[in-house]
Amino acid sequence: MPTHTHLIMACHLTGIYDVNRNTTLADDSYELVQAWAESVALTNLRGIIFHNNFSVETCKRYSNAHISFKKVYYNPEFNPNVFRYFVYRDYLAQCTDPIQGVFVTDVSDVTLAQNPFEDAFFKENQNALFCGDEPKTLQNEWMIAHAEHLRGQIQDYQAYEERFAKEPLLNCGIFGGSFPVFFEFLKQLCEIHDRYNRTNKTAYTGDMGAFNYLARTNFNENLRHGFPVNTVFKAYENDRMDCWFRHK
């Protein structure tokens with residue numbers, strides 16, 4: 001049986017145009033989350049998939065000792081990439097299980113290779129925020145465009161961009177840590193989106209901008225990213241087993 005003190009969560013929201021994929025995902029296609037769910041089970045962890053459109057039959061068919069499904073009602077004030085953080089925050093705020101560690105990930109392009117909570121690197125860094133990264137720097141053409149809205153909203157955003165310009169780009173498709181650190185980060189992340197990202201009318205979601213800004217300005221001293229947290233982003237290292245998560 002999986003432990004209830006550690007948790008992996010993901011969101012699968014459909015029926016909304018996905019700006020990253022340039023498409024609208026099918027409502028009841030379990031295949032999109034299957035690899036994630038199976039990898040969670042293989043690492044003997046407990047996973048929750050929050051969704052808005054899976055059928056009752058699909059949820060019943062694929063629920064098991066490791067994977068559960070929880071229906072949510074999408075709030076169109078935020079794009080799906082951002083809305084998921086409010087889902088996680090609200091669930092954890094009401095959860096009565098004695099959770100010690102949490103990771104949240106993208107659901108259609110991330111799989112687990114190892115149980116991160118059993119790794120000595122995790123155990124020895126209880127004050128750390130762990131996250132994915134990419135083989136590029138914060139100062140890149142895509143991030144400059146992505147952060148246009150937040151740059152105009154947050155007073156010290158441009159100063160942060162200049163300070164961390166040459167640092168690795170962090171990826172919010174994977175992040176987690178011990179419960180106190182993770183939940184504090186999550187609450188602050190939601191506050192940023194609630195205050196600054198509601199009026200975002202650009203073609204970009206703001207999720208990567210807000211994530212990098214918060215991680216670098218408030219959590220940088222205890223930040224852990226790259227190996228062993230994630231494989232090389234978009235290198236499609238699907239056979240690697242030496243990292244905790246495989247990300248594309």
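The values are calculated or read from the model by the stated rules, or taken from the named source; none is laboratory data. Quick caveat: nothing in here was measured; it's all calculated off a predicted structure. Please note: Cβ atoms are built from the backbone with ideal geometry, for glycine as well, and neighbour counts cover all protein chains shown. Note: accessible area is taken over every heavy atom of the protein model, side chains too, but ligands, DNA and RNA are not part of it. Shrake-Rupley method; radii C 1.70, N 1.55, O 1.52, S 1.80 Å.
Some points to look at:
- List E134, E184, E237, E141, ordered by accessible area with a 1.4 Å probe, largest first: E141, E184, E237, E134
- Heavy-atom accessible surface of the chain: percent carbon and sulfur, 1.4 Å: 47
- Solvent-accessible heavy-atom area per residue, rounded to whole Å², over the chain at 1.4 Å: 47
- Student exercise, the range 76-130 dipole from Lys, Arg, Asp, Glu Cβ charges, in Debye to nearest 20: 100
- All-pairs alpha carbon distance profile, the range 184-248, 5 Å steps from 0, percent: 4, 15, 19, 16, 17, 16, 10, 3, 0
- Amide proton proximity set for I67, modelled H, under 5 Å, gap of 5+: G47
- Rounded to the nearest Hz, the phi-derived 3J(HN,Hα) couplings of the range 222-235 under the Karplus curve 6.51 cos²θ - 1.76 cosθ + 1.60 (θ = phi - 60°) are 10, 7, 10, 9, x, 4, x, 5, 9, 6, 5, 4, 6, 8, where x marks glycine and proline.
- Relative contact order (%) - criterion: Cα under 8 Å, at least six apart; region: the chain: 23
- Ligands, DNA and RNA excluded, the heavy atoms of R46 present near 20 Å² of accessible surface to a 1.4 Å solvent probe.
- Along the axis of the charge dipole computed for the chain (Cβ charges of +1 for Lys and Arg, -1 for Asp and Glu, origin at the Cα centre), the listed residues T199, Q114, H225 are led at the positive end by T199.
- Rounded to the nearest 20, the size of the Cβ-charge dipole of the range 136-219 about its Cα centre is 60 debye, with Lys and Arg at +1 and Asp and Glu at -1.
- Antiparallel bridges, percent of DSSP beta bridges restricted to the chain (to nearest 5): 45
- Computed about the Cα centre, the dipole magnitude for the chain is approximately 280 debye when only Lys and Arg (+1) and Asp and Glu (-1) carry charge, each at its Cβ.
- For the range 53-65, backbone phi angles converted through the Karplus equation (6.51, -1.76, 1.60; θ = phi - 60°) give residue-by-residue couplings of 9, 5, 6, 4, 5, 5, 4, 5, 5, 9, 6, 7, 4 Hz, Gly and Pro being listed as x.
- Rounded D (µm²/s) - the range 1-102, Kirkwood Rh over Cα pairs, Stokes-Einstein at 4 °C, 1.567 mPa s: 90
- R198-T23 FRET efficiency (beta carbon distance; Förster radius 22 Å; 0.05 resolution): 0.35
- Given charges at Cβ of Lys, Arg, Asp, Glu: the chain dipole, positive-most of F50, P168, Q158: F50
- Dimensions (Å) - the range 75-179, Cα atoms, principal axes, largest first: 40, 35, 27
- Euclidean distance of C-alpha centroids, the range 63-103 and the range 111-177, integer Å: 21
- Cut-off under 5 Å, modelled amide H: who pairs with M9 long-range: I48, F103, V104, T105
- Summed over qualifying helices (DSSP H, 4 residues or more, each -39500 (n - 2.57)) and divided by its residue number, the chain shows a 222 nm mean residue ellipticity of -10000 deg cm²/dmol.
- Rg/Rh ratio calculated on Cα atoms of the range 103-248 (Kirkwood radius): 0.96
- Under the Karplus curve 6.51 cos²θ - 1.76 cosθ + 1.60, θ = phi - 60°, whole-Hz ³J(HN,Hα) for the range 83-88, x wherever Gly or Pro sits: 4, 4, 5, 5, 4, 5
- Size descriptor, Kirkwood hydrodynamic radius, that averages inverse alpha-carbon separations across the chain, Å: 18.3
- Sorted on the mean count of surrounding Cβ atoms within 10 Å across their residues, most packed first, peptides 97-108, 65-76 read 97-108, 65-76.
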